[in-house]
Structure formats: C-alpha cells, structure tokens
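Have a look at the structure below before the remarks.
Quick note: the coordinates plus some simple rules give every number you see, no bench work behind them. Because the structure is a prediction, the values reported are computed rather than measured. Cβ: placed from backbone, ideal geometry, glycine included. Neighbour counts: every protein chain shown.
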C-alpha cells in the first residue's frame, strides 16, 4: 500500500513538473474564471456559488456574462433565452427583475441555484475590491436598440459607482456602437472589443482608443499578441477549456486568461 502511494505521489509530482516545464513564459497573467468556475463544472456558470468558489481558490477574479432586465437590473446570465438553462422562457430584457428573480437553473435537478443579480453578488462578496471582474455585455433585447443601450450604460455606471469598482472592472462587447457610447459616457472605463478575428478587433481597438481585445485562444497567435502589446493594447483570451489549452494559452503571452479549468491554471502559475 505504501509503495503504491509513493508511486502515485511521484507520478503526480512528475506531471506537475513536466507541466510547468512546458511553460515558456509567465508575464503575470491575470487569471479569471469563465463565469466563475467555467463550463461543465459542479455549479452552473454565472451563479453565486460558482463565482464565489472561483474567487476563493486563488484567481484574480471572474468573467461574468451580464444582461439587463426591462426595469434596468443587471443579471448574470449567458444565453439569449432563459429556457436554455433555467425553468423560465424568454429574454431577460422582456421581464422586470421581480418576474424572474425566482428563476433557477435546471442543469442540477436536485439543487436549485437561482438567477443572480449583480447587486446581490457584489453586496455579498467579502473584500470585494480585492477582486477583478470582466463584464461580458450581452445586449439581447426585443426593444429599441439605442434606448436599450443607453439604459444598459446607465445601469453599468450606477452599479460600478455603488460598489466603487471603476478600477476593478473590465468591460467587453461585440457591439462597436455600444463601446463608443460607453466610452463617451465613461472615458476611463477599461473597454475591450470582442471581435470575430484578431485583425478586425485590432483595427477597432486602435480606432476607438480601447483598452484591449478579447478573443478565443484558437483565433490568436503569440505574434499577434506581441503586435497588440507593441500598440499598448491588452489581450484577454478565452476558450481555454482543457489543461492543454491552459498551457497553450499561457505560452501565447496574453494579459488575461478566462479559463474553464480554473484550479489547473491557478496551480500552473503559482510559483512559491
């Protein structure tokens, strides 16, 4: 039994050593959980439980998908339709918060994890200002798009001011008009374009004077990240959904990694 235990420990140590030896660079990458602990984990993404666990295991913070209700409450949720993950049907912006605050995720049939408002999240995180958050702004609406974007921007400003998070929040969007309006309203926010390709994102980020680019690790090379850095742009990568993807992502030299393998990446970059 002891011999078997010793062999197991040695193999585990060898794996960790080889994994870290595979890393060519480590430039103080900021580790963010993807919606908390990531996809296909114990807790559904964007739930309080998932985000808190992510913060408690040593990340810098978490990426959060953010949507807006009809009465301007910001809600952490990814998909356009509530029926994709919860017991309700429809788009969040079609409802007031009071109509959906009792919604729960159906991916865990015996445990009802509720839909989460950002106000509830931030009011219940100890030492809130020690953490970083990326808001992936999901602009799903069936109403007037311009009015919706104005309401969304107002709600973002209010919650960031309420919890004094201006230095702790990064904001990303695929919508150029939204980013332009947000930059006009809040010129010191750290804004990221979330484009279909690096070249498109690079040009938009330069033209608009944005903080950076958010892109799938599959769609960006180390050389492109160097180009972004040489133009004073930060790069956040996502789609690191395996341990190998974490290693590959680290070696590309981004500024942020939004990972689905949170524990692995935290341990990978922990050099004590």
Among (1) -0.26, -1.00, -1.13; (2) -0.24, -1.08, -1.27; (3) -0.36, -1.11, -1.19, the value of log10 I(q)/I(0) by the Debye sum over Cα atoms at q = 0.07, 0.14, 0.15 Å⁻¹ computed for this structure carries the label (1)
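Please sort 242-253, 176-187 by packing, taking for each peptide the average over its residues of neighbouring beta carbons within 10 angstrom, highest first.
Values: 242-253: 18.6, 176-187: 15.7.
Averaged packing, sorted descending, gives the order 242-253, 176-187.
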Return the distance in nm (one decimal) between the two label points of a simple spin-label model at residue 140 and residue 230, each offset 7 Å from Cα along Cα→Cβ.
4.1 nm
What FRET efficiency, computed as 1/(1 + (r/R0)^6) with R0 = 30 Å and r the Cβ-Cβ distance, is obtained for residue 89 and residue 57, rounded to the nearest 0.05?
0.30
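Of all DSSP beta bridges located in the range 25-268, what percent are antiparallel, nearest 5?
Values: 7 of 38 bridges.
Restricted to the range 25-268, the bridges split so that about 20 percent are antiparallel.
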Can you grab the distance from the C-alpha centre of the range 148-224 to the C-alpha centre of the range 250-272, Å, no decimals?
22 Å
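For the peptides 203-211, 123-131, what is the packing order when you average, over each peptide's residues, the other Cβ atoms within 10 Å and list the highest mean first?
Details: 203-211: 16.4, 123-131: 12.3.
Order by mean packing, descending: 203-211, 123-131.
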If the chain between residue 108 and residue 154 were fully extended at 0.36 nm per residue, the gain over the current Cα-Cα distance would be 13.2 nm
How much FRET efficiency would the formula 1/(1 + (r/R0)^6) give for residue 185 and residue 130, where r is the Cβ-Cβ distance and R0 is 22 Å, rounded to 0.05?
0.25
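Based on the mean of other beta carbon atoms within 10 Å per residue, what is the order of 45-56, 255-266, 161-172, most packed first?
Values: 45-56: 22.2, 255-266: 23.9, 161-172: 16.9.
Output ranking for 45-56, 255-266, 161-172: 255-266, 45-56, 161-172.
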Note the angle between two axes, namely the Cα long axis of helix 145-162 and the longest principal axis of the Cα atoms of the chain, as a number of degrees from 0 to 90, rounded to the nearest 10.
60 degrees
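Counting only C-alpha contacts under 8 Å and six or more residues apart, can you give the relative contact order of the chain as a whole percent? Before the final figure, lay out each step's value.
Working: 492 pairs, mean separation 54.2, N = 272.
The value is 20 percent.
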